[in-house]
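Shown next, in structure tokens, is the structure this report addresses.
Bear in mind these aren't lab numbers, they're just calculated from the coordinates by the rules spelled out. Computed from a predicted structure; not experimentally measured. Ideal geometry is used to build each Cβ from the backbone, glycine not excepted, and the neighbour counts take in all protein chains shown.
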Amino acid sequence: MSRTIPGTGLLKGLAVTIKHLGQRPVTQMYPHERPDLAPRTRGVIALMDENCTVCMLCSRECPDWCIYIDSHKESVPSATEGGRSRTRNVLDRFAIDFSLCMYCGICVEVCPFDALWWSPEFEYAEYSIDGLLHEMGRLREWADTVPAPPMLDVGADAPAEVVDAIAKSDKALLAASAPAVGAGAAGAAAGAAGAGALGPRLGLGPRRRSPRSTSRAARSTRRPTTR
Amino acid sequence: MGLMDQVELPKPVKYVFNWGRKYSLWCFNFGLACCAIEFIAASTSRHDFIRHGVIPFAHGPRQADLLVVSGTLTDKMAPAVKRLYDEMPEPKYVISFGSCSNCGGPYWDSYSVTKGVDQIIPVDVYVPGCPPRPEALLDGIMKLQDRIQGESLKDRIAAVRRDPANIGAEAGMALDAQSLHTAAPAELGSGG
Amino acid sequence: MTTVIAPVATLLPVFAPAESLLDTGGTVVSLLLKIAFITVMFLVVPLVGGYLEHKGMARLQNRRGPVEAGPAGSLQLVADGIKFIQKEDIIPGAADRKVFAMAPAIGLVATLLSFAVIPLAPGLFALDLELGLFYVLAISSVGVLGIMMAGWASANKFSLIGGLRAAAQLIAYELPLILVAVAVALQAGTLSLVGIVEAQQSSELFGTGISMWYVFPQALGFGIFFLAALAELSRPPFDMPIGDSELVFGYITEYSGIKFAMFLLTEYAGMILMSGLTVVLFLGGWQPLPGLDLPDGALGVLLGAGVTLGKIMLLVFVMIWVRVAYPRLREDQLQRISWTVLVPLSLVNLAVVAVGKVVAG
Amino acid sequence: MSDLDVREQLLQGTAPGEGLAIELVGDGDLVTADMSLSIGPAHPATHGVFRVVFEMDGERILRAKPVIGYMHRGFEKLAEYRDYRQIMALVNRHDWLSGFSNELGVALAVEQMLEMEVPERAQWIRMLMAEWNRILNHLMFIGSFALELGAITPMFYAFREREDIQHLMESATGGRLHFTYNQVGGVKIDLPRGFLAESARVSKLTRSRMPDYDDLVLGNEIFRGRTVDIGPLPTDVALSLGVTGPALHATGLAEDSRVTEPYLKYGDIDVEVPVGRNGDAYDRFAVLLGRIRVSLDIIDQIHDHMTSGPVNQKLPKMVKAPEGATYVRTENPLGQLGYWLESDGGRTPWRLKMRTPSFSNVQAIPYLVQGQLLPDAISILGSVFFVVGDIDR
Amino acid sequence: MSVLARRDRALTPEETEALLRDRLGDGIIGSTLAHRMFTVHVAPSAWVDTFTRCRDEPLLDFDLFDTLHGVDAREDGFDVVAILYSTSTGNRLCLRTRCEGGRDTPVCPSLNDVYRGANWMERETWDMFGIEFPGHPALEPRILTVENFEGWPLRKDFHLASRVAKPWPGVKEPAELDEDGNVIERVPGIGDAPGPYVLDEAMAAQAIALRQVSAAIDAAAGNEAAVASAEPTVSDATMPEASAPASGTAASTDPAAAADAARTADEQRRAQAEARARKAAERAADETPEEQA
């Protein structure tokens, strides 16, 4: 039935299985051994409610409509006397329904103020479905388990903020070191040259990134703010 | 089974019976969608939930007592789930694994998805995630085992007799109160 | 006519059953001892076999197997047993109630009775029948009835196909099993299992003083016997009747609770029975090594029992090893192997042994 | 045989596990009874909820009628209510064994309509992730096809490999099965530090474990006996049915859109397409194993070609595809996945048709199963690799 | 036959259209080449023999049947789009036709005997759009949806019930506080249109239709006051569970809970539906990019 001697296939099958008898089992004894989770693992969403300005972007962008936010307006007296008092949104309720959530990460990505973070925790199974509606307090507890984002790969592009900061500092340095040179044109040229000279060191092309757009990579390198 | 739901078993016998049910959960993998892959991952070498006594060889619903509903339950599939649940012999438990079976998950607005398997069968433990990690299933199983350890078979089967639809919810309420104050005595030499 | 038979009768040695340790004391005490022996062989050893299956299969698949239930998961099968008692006992509506309820018992009783003649050590056996081997093979073939009854009574298409497949398979593999057993009986000169073991001890290898187990001269017979034993138990790679990927669970699909536990116990006990039979017929029963003899007295009996159980567990491990490594044979391939390969080979084996017997005799 | 349509209504009423539906037919002297057996929808043999009703004479199958739709979740309707970022999160849940490749198709379609040029590093990262995803998919099917035939262990070894790969991909994307790592202009975020070294290590580890499967399954005589010459599929029938992927390569035609219509950077590396001879179950399995080795080679080539630079294009606030329609075809692990995207310029697509490989591959089952024995039919069912979510969408 | 054997002699789109035009005469209406996809518009009468021609012409040799699906073409009915691919020449051709019979009885000839692959594709198109395929052996039973499913899901006038039943969480504007700090109960205003997406008047029509249903339930279930809190807080987590069943699907929630949910969702539905229609018109008018802080 086969080119080789009929029996060898069967014997090889036995040999492969018996070989595994000697090897150490790869089982991870879960309750005693904790899994080593990568920092980006999408386990649960944590909320830093100090950062939240109730812009409702996350609740609007969520495909599952599972983020419920209540807030109210408060007027804040202006710092300098005589100044105009501004109204500020104060967060009353921020709840995520984890039985509905599809863990896609759009809310974490779209939040302009880094109030939402991913935490790799996964042990929150419940006996009843209402337990899966995590209120603000519970989300705040998850915030303590948010790991530091990993360093980016060597070939990765430097985050935009770092590029702008370096460009700004170089410009200031150049301005300080060669004030005598014709201000306008030279400054601009130097600035461009500075950025240009700067480029290859950081693996950055001559492209200029607009400072306002905080790219995802930059934000991920900033650790969550005050505890 | 006859007298099970009339007489309350004496403490030691009940403990041994609960221990037996706790460490021998023959599991019928009602694998529907992506969560079924994570369920299979939980049964293979890396996570191996046989360690907790959950044996995945129950091929038919008749031999199973743990039904893990993993994946999206569509309206076309709902009668089959109900029939399979009814075929299972009585002390049976259900784990709803993943957002789709919890309450519709990413397909909450689809026209053909049943929003949550608890509309059809009573669920004991909800495991969140889409798909949840295999360790999350192990965590869910251990939570279910804690409940079984503190459970009284009489209440459970009597509850089934009264209203088969929502035994999970009602028994759940009765249990939490009970399992709270009777802290589960140390298991029979766990670990190993 | 009778004169012809008489000389033949005188040729046969008068059969004196070896006395078993369990015969001490009055008939009632010895009866209780024998029942205890069979119960241990029927309940405890299969549980050890089942545990070995869980752990062995786990280690072969690079995982750890049951750990939480009892120290190192040893009480896993005890937990299964306790749980099966509590399960609701469902009899399907369309099922034929009486046949459905009786089916698991037949397989169970057949295996239970066969343990009566399996000797563990020089004095340690329940019964030494003169027709021990014949008794075991006859009783264990009754198990087929139980499976067919289960297949028919469950009124489920999958069970029906599973039952029919089981019938065809078990009958097909009964023949090589018996032919090889006959060859062993021929070489040993007796049908009593204890006699066969002693025959293996007393026979030596061409005058070198080392006792010759029948596995050496009848290696072909040993292979056939082991394969046929696997098929008898519907163990993979011959597990068409319980072909789980096609027939859900074959003839056991509709069984739950204690009836399913009886089928499970039948399978594990059958594994122990067939391994025990193979050990007694081919691997020299309680003899530790071909040349080595047991010290006599109580220590000898204990050591003998340990050796036999060790060999049985080794064979059970081989069964698990085969289950882990191989896919399932298709129905017609199964039958073709039995009728066109195993039966002729066992006949050849019988002929060789007969010629050997005459030449050496 | 007497006319078949008499049996047509016989097939209608059978629900799973129903009692015997025997109807006495036959005109000759021997009165035979045809039995209809329903496999599924919740059956260990089928991966998930796929039901086939066999009409059998004894153990030989006369006709098969697949019944699908048990996993229909209406993705195409939901896509019309979601913008492109939200579609990216939903689309990887359909062929749940190749989540990344599904997202890739949608991203390519929108980029093709916007004529958006994706940075080179993002293209290499996408190819790396797509190939790892292909290996994950194939490992799963090695395990499940062997399980169909009764061998338990390949599934355990396959999942041991899968766990290593899933851990690797999770460190970059955050997900184990549904990655949501693609974005219309490239990928969401760059790889973490040390990812490429870890990827090389896992690639070497997986390659060292491949011979296990050759010895355990491919060389095994019982496996050969169960699969050689079972369910052969001629090439022209396959093409007319629209069968693509390993099932088509097993018939001898190396139609692989990474070679015929190279997208991303597949043109710069050499992609070899393993091909079978007569398209039976054995060839389909051998092709699957071959494709894993090819993917491992591609991954090693990608490690050398990886460039540095940005990984995504700066996106406007709201990604809107221009008017018009386009069709993009990518080589998914199970076959060729096509996205037909028609947009009316709004933020949500007007119509997004997902041409899934499993839907066409499964159409070949009634043709393949005709006249086979029941165990062979199960072996064929296992050898036509399909994912039920891919069929029903 | 090896792959791409005749790649060099593959026809360019113009040549393909010219070949088809002279083979089929006025069957070919026109062709467009956009977004790297060549589409030929075919008259429904010439649909079947266009495909036979594409398959049998040695120069064209389209042997791989890729896909066939329907597209909703707003008022003038439905289109059927099919895509063919030739493994030898590497060409891909997209054929599109407008079904006769407008929106209520769309009909398109069946390709079942030209390509085997068309069988299920046409059944799916019928299941999704309700386009009849005369000549198809067995369109019934519905291939994907539940057997007794009423309505054609992919038509634009078929709306998703859950999106109607559940109020959109993103709509909650911050509430004003009066001087002693308690929240002023806000009457749901015009701006509370759920969903960032433009839902047209048909949505309002469906809401009104649903209202008749809930009115009937109201009458049947007696008159206890409908507890319609203005701002449904916790309840909306459980709301999706008891979402009003889509038209006809057999989501087997028990009737009491459905009736109750239908009644409490009733007020929001009526308000939202009208608001949506106005908001849609208003938004279409000024199309100002909705800026957010």
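Enumerate the helices in chain D for which the Kyte-Doolittle hydropathy averages -0.5 or more and the C-alpha atoms extend at least 24 Å along the helix's axis, using complete DSSP H runs.
Details: long enough: D:120-148 (42 Å, 0.16); D:153-173 (30 Å, -0.64); D:195-213 (27 Å, -0.54); D:281-305 (36 Å, 0.17).
Counting only whole DSSP H runs, the qualifying helices are D:120-148, D:281-305.
Please list the non-local residues whose amide H lies under 5 Å from the amide H of D:Met56, H modeled 1.01 Å from N, same-chain partners needing a gap of 5 or more.
The list, which skips near neighbours in sequence, is D:Met35, D:Ser36, D:Leu37, D:Leu62.
By what distance, in whole Å, do the Cα atoms of chain C stretch along each of the three principal axes, largest value first?
Principal-axis extents of chain C (Cα, largest first): 62, 46, 46 Å.
Using a Förster radius of 22 Å, what is the FRET efficiency between A:Asn51 and D:Lys317 based on their Cβ-Cβ separation? Nearest 0.05, please. Could the numbers behind the result be given before it?
Working: r = 21 Å, r/R0 = 0.95.
FRET efficiency, A:Asn51 to D:Lys317: 0.60.
Have a look at the stretch D:152-256 and give its Rg and Dmax from the Cα atoms, expressed in angstrom.
Taking only Cα atoms of the stretch D:152-256, I get Rg and Dmax of 18.6, 50 Å.
Find, to one decimal place in angstroms, the Kirkwood hydrodynamic radius of the stretch D:68-223, where the mean of 1/r is taken over every pair of different Cα atoms and then inverted. Could you put the intermediate results ahead of the total?
Details: mean 1/r = 0.0583 Å⁻¹.
Computed over the stretch D:68-223, the radius equals 17.1 Å.
How much FRET efficiency would the formula 1/(1 + (r/R0)^6) give for A:Thr145 and C:Ala155, where r is the Cβ-Cβ distance and R0 is 45 Å, rounded to 0.05? Write down the numbers at each step before the final one.
Numbers: r = 55 Å, r/R0 = 1.22.
Efficiency at R0 = 45 Å is approximately 0.25.
Given a Förster distance of 30 Å, report the FRET efficiency between E:Asn182 and E:Asp157 from their Cβ-Cβ distance, rounded to the nearest 0.05. Write down the numbers at each step before the final one.
Values: r = 44 Å, r/R0 = 1.48.
Computed FRET efficiency for E:Asn182 and E:Asp157 comes out at 0.10.
Longest exposed-loop-site-free stretch of chain C, with GluC sites (Glu not before Pro), DSSP loop and at most 15 other Cβ within 10 Å?
On the way: sites that count: C:Glu19, C:Glu130.
Within chain C, the longest run free of exposed GluC sites (Glu not before Pro) spans C:131-361.
Please work out how much length the chain gains when fully extended from A:Val154 to A:Ala172, using 0.36 nm per residue of separation minus the C-alpha to C-alpha distance, in nm with one decimal.
Values: separation 18, 0.36 × 18 = 6.48 nm, distance 2.78 nm.
Taking A:Val154 through A:Ala172 to full extension adds about 3.7 nm, to one decimal.
Arranged by the count of other C-beta atoms within 10 angstrom, fewest first, what order do D:Ser208, C:Ser74 take?
Details: D:Ser208 9, C:Ser74 18.
Ascending number of Cβ neighbours within 10 Å: D:Ser208, C:Ser74.
Quick check of the Kirkwood formula: for the stretch D:75-392, what is the inverse mean of 1/r over all pairs of different Cα atoms, in Å? Kindly include the intermediate steps, with their values, before the conclusion.
On the way: mean 1/r = 0.0501 Å⁻¹.
Radius from the Kirkwood sum: 20.0 Å.
Starting from the 7 Å offset along Cα-to-Cβ, what nm value, one decimal, do you get for the label separation of C:Ile258 and D:Glu117?
If labels sit at C:Ile258 and D:Glu117, their model points lie 8.0 nm apart.
The stretch E:7-153: percent of C-alpha pairs farther apart than 22 Å? Write down the numbers at each step before the final one.
Values: 4128 of 10731 pairs.
It works out to 38 percent of all Cα pairs.
Residue by residue, what Karplus-based ³J(HN,Hα) values in Hz, rounded to whole numbers, does the stretch E:122-132 have, using 6.51, -1.76 and 1.60 with θ = phi - 60° and x for Gly and Pro?
Calculated HN-Hα couplings, in order: 5, 4, 5, 5, 5, 5, 8, 10, x, 7, 6 Hz.
Mind listing the long-range amide H neighbours of D:Gln336? Cut-off is under 5 Å, sequence gap 5 or more, other chains count too, H placed in the peptide plane at 1.01 Å from N.
Placed amide hydrogens put D:Thr244, D:Gly245 under 5 Å from D:Gln336.
Apply the Debye scattering formula to the stretch C:66-163, with a single equal point scatterer on each alpha-carbon and no solvent, then give log10 I(q)/I(0) at q = 0.13, 0.16, 0.20 Å⁻¹.
Listed by q, the Debye log ratios stand at -0.73, -0.91, -0.98.
Using a 10 Å cut-off around each Cβ, can you sort A:Phe113, D:Phe145 from fewest to most neighbouring Cβ atoms?
A:Phe113, D:Phe145
Over the stretch D:66-119, what number does the Rg to Rh ratio reach, with both radii from the alpha-carbon atoms and Rh per Kirkwood? Walk me through the numbers on the way to the answer.
Values: Rg = 13.0 Å, Rh = 12.4 Å.
Taking Rg over the Kirkwood Rh, I get 1.05.
What is the Cα radius of gyration of the stretch D:234-393 over 2.2 N^0.38 Å, N being its residue count? Write out the running numbers ahead of the final one.
Details: Rg = 18.6 Å, N = 160, 2.2 N^0.38 = 15.1 Å.
Taking the Cα Rg and dividing by 2.2 N^0.38 Å, one obtains 1.23.
Which value in nm describes the separation of the simple spin-label points at D:Asp229 and C:Glu130, placed 7 Å from the Cα toward the beta carbon?
Taking the simple label geometry, D:Asp229 and C:Glu130 are separated by 5.4 nm.
Using a 10 Å cut-off around each Cβ, can you sort C:Leu345, C:Leu177 from fewest to most neighbouring Cβ atoms? Before the final figure, lay out each step's value.
Values: C:Leu345 17, C:Leu177 24.
Starting with the residue having the fewest Cβ neighbours, the order is C:Leu345, C:Leu177.
Taking the Cα centre as origin and putting +1 on Lys and Arg beta-carbons and -1 on Asp and Glu beta-carbons, what dipole magnitude results for the stretch E:7-153, to the nearest 20 debye?
Working: 15 positive and 26 negative charges, 85 e Å.
My answer is approximately 400 debye.
Identify, among E:Gly117, E:Tyr85, E:Phe129, the residue whose Cα sits farthest towards the positive end of the charge dipole of the stretch E:7-153, taking +1 on the Cβ of Lys and Arg and -1 on the Cβ of Asp and Glu, with the dipole about the Cα centre.
Of the options given, the answer is E:Tyr85.
Find the eigenvalues of the gyration tensor of the Cα atoms of the stretch D:297-392, then list the square roots of 5 times those eigenvalues as equivalent ellipsoid semi-axes, largest first, in whole angstrom.
37, 23, 9
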